[in-house]
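To keep things clear, I will list the structure first and then write my remarks on it.
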Amino acid sequence: MKNLLTDIEGVRVGHAGDSAVASGVTAVIFDQPATASIDIRGGGPGIRESALLAPEATVEAIDAITLSGGSALGLDAAGGVQAWLAEQGRGLRIREALIPIVPGAICFDLLNGGDKAWGRFPPYRDLAYAAAKAAGTDFALGSVGAGLGATTATFKGGLGSASARTADGVMVAALAVVNAVGSVTVGDGPWFWAAPFEVDGEFGGKGLPSSFTPEMLKARLKGGPEAVSPENTTLVVVVTDAVLTKPQAKRLAMIAHTGMARAIYPVHAPNDGDVVFAAATGSKPVDPLVGLTELGMVAANTVSRAIARGVYEATALPFPGALPAWRDRFG
């Protein structure tokens, strides 16, 4: 296991970004269509094809998921992934028509110091095509892809991933783009809120403070009172190799949101766009009650770890006044 989303067989991840723009795209590609659903908890989401992912909607499976910077302008990214999939002959076939099914979500990174004067069209569709083309089983973490321009209240945000296995041998993994209005660390110290779920020092092994002071527990919000609804978001993709129905994938996404609450303080705010996609590749049966509950529990822990890793692995943007990276302060 690589502690990555791609520990799930048949899943590949690719990134593309523009360092001058300080924004990018991450593509999650399924080698075979995957059953998927979504759960939205943030007050300011930006999502493509969310209605299609509802349990009562007709289409059962998706070909890819696209995560992008650029706020609503980044929703164009899914078209780039669709173009690449169409070239591979992938998609939902309706007689002679072929339609790649690619939900997507965006985060707001337009005020991070990068040059957003890109002309008539934003770059996200082309970046997404490049990300899909580059997708593989090994991929970088931190300030890459959709996490390139991400920030949090206190440190540079980024893209993280983690994986785990239930007691019954079912695999689950998460990928997170951390651009939260809140903080992923406790107060001004090195401790991650997700510390109880850390595995093998994957985000520094600092544990938690011996006690929590009122200063540690006060709200640290990106932009303070000036923060507005589209400025912040944490995007999560959870994938399992379990056999799930669409309603069960919805329930998995709902339980996995608990992982955000354990890793970000505060979370699911009016000025967040927090969303969890859940997808199942369908190779291992799972009990629909106890088994799905355990799978959700492990998924939530894995989401927490992926969020912390996204901040731990990030590097600061090279612009005046940019937020420091966690490693700039704590090594």
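Quick notes on this one:
- Taking the listed residues Gly10, Gly69, Gly44, the one that is crowded, with 23+ Cβ neighbours inside 10 Å, touching a Ser or Thr at 6+ places or on another chain (Cβ under 6 Å) and of a type outside the set (A, V, I, L, M) is Gly69, with no other qualifying.
- Taking the conditions (1) open to solvent by 40 Å² or more (accessible area, probe 1.4 Å); (2) touching a helix residue (DSSP H, G or I) at 6+ places or on another chain (Cβ under 7 Å); (3) not small (Gly, Ala, Ser) in turn, Leu75 satisfies each one other than (2).
- Condition check for Gly273: within 13 Å of the chain's Cα centre (by Cα) and buried (at least 18 other Cβ atoms within 10 Å of the Cβ): yes
- Gly104 within 18 Å of Val178 (Cβ to Cβ) and at pLDDT 95 or above: yes
- Matching residues, segment 119-133, being closer than 22 Å to Arg48 by Cα and small (Gly, Ala, Ser): Ala128, Ala130, Ala131, Ala132
- Segments classed as helices (runs of 4 or more DSSP H), wholly inside segment 214-331, with at least 1 members that are closer than 26 Å to Val25 by Cα: 246-263, 290-312, 326-330
- For Ala57, the stated conditions do not hold, so it cannot be described as surrounded by fewer than 18 Cβ atoms within 10 Å (Cβ to Cβ) and either within 17 Å of the chain's Cα centre (by Cα) or under 16 Å from Ala16 (Cα atoms) (or both).
- Annotation note: Cβ proximity below 6 Å between a residue of segment 95-115 that is over 19 Å from Gly43 (Cβ atoms) and among the charged types (D, E, K, R) and a residue that is open to solvent by 20 Å² or more (accessible area, probe 1.4 Å) and in a loop (DSSP other than H, G, I, E, B) (sequence gap 6+ or interchain) occurs for Asp115/Ala20.
- Condition met for Val178 (surrounded by 24 or more Cβ atoms within 10 Å (Cβ to Cβ) and modelled with pLDDT of 95 or more): yes
- Among the residues making up segment 184-196, a single one is surrounded by 24 or more Cβ atoms within 10 Å (Cβ to Cβ) and either more than 30 Å from Ala16 (Cβ to Cβ) or of a type in the set (Ser, Thr, Tyr) (or both): Thr185.
- Of the criteria (1) in contact (Cβ under 8 Å) with a residue 40 or more places away in the chain; (2) over 16 Å from Phe139 (Cα atoms); (3) open to solvent by 40 Å² or more (accessible area, probe 1.4 Å); (4) in a strand (DSSP E or B), which one Thr35 fails: (3)
- Boolean, Ala164 is open to solvent by less than 10 Å² (accessible area, probe 1.4 Å) and either modelled with pLDDT of 95 or more or not in a loop (DSSP other than H, G, I, E, B) (or both): no
- Every residue from segment 14-32 that is open to solvent by 50 Å² or more (accessible area, probe 1.4 Å) and either over 30 Å from Ala322 (Cα atoms) or part of a loop (DSSP other than H, G, I, E, B) (or both): Ser19, Ala20, Asp31, Gln32
The values are calculated or read from the model by the stated rules, or taken from the named source; none is laboratory data. All of these numbers come straight from a predicted model, not from anything done at the bench. Virtual Cβ from ideal backbone geometry, glycine too; neighbours counted across all protein chains shown. To get the accessible areas, we keep the full protein, side chains included, count just its heavy atoms, and leave off ligands, DNA and RNA. Shrake-Rupley method; radii C 1.70, N 1.55, O 1.52, S 1.80 Å.
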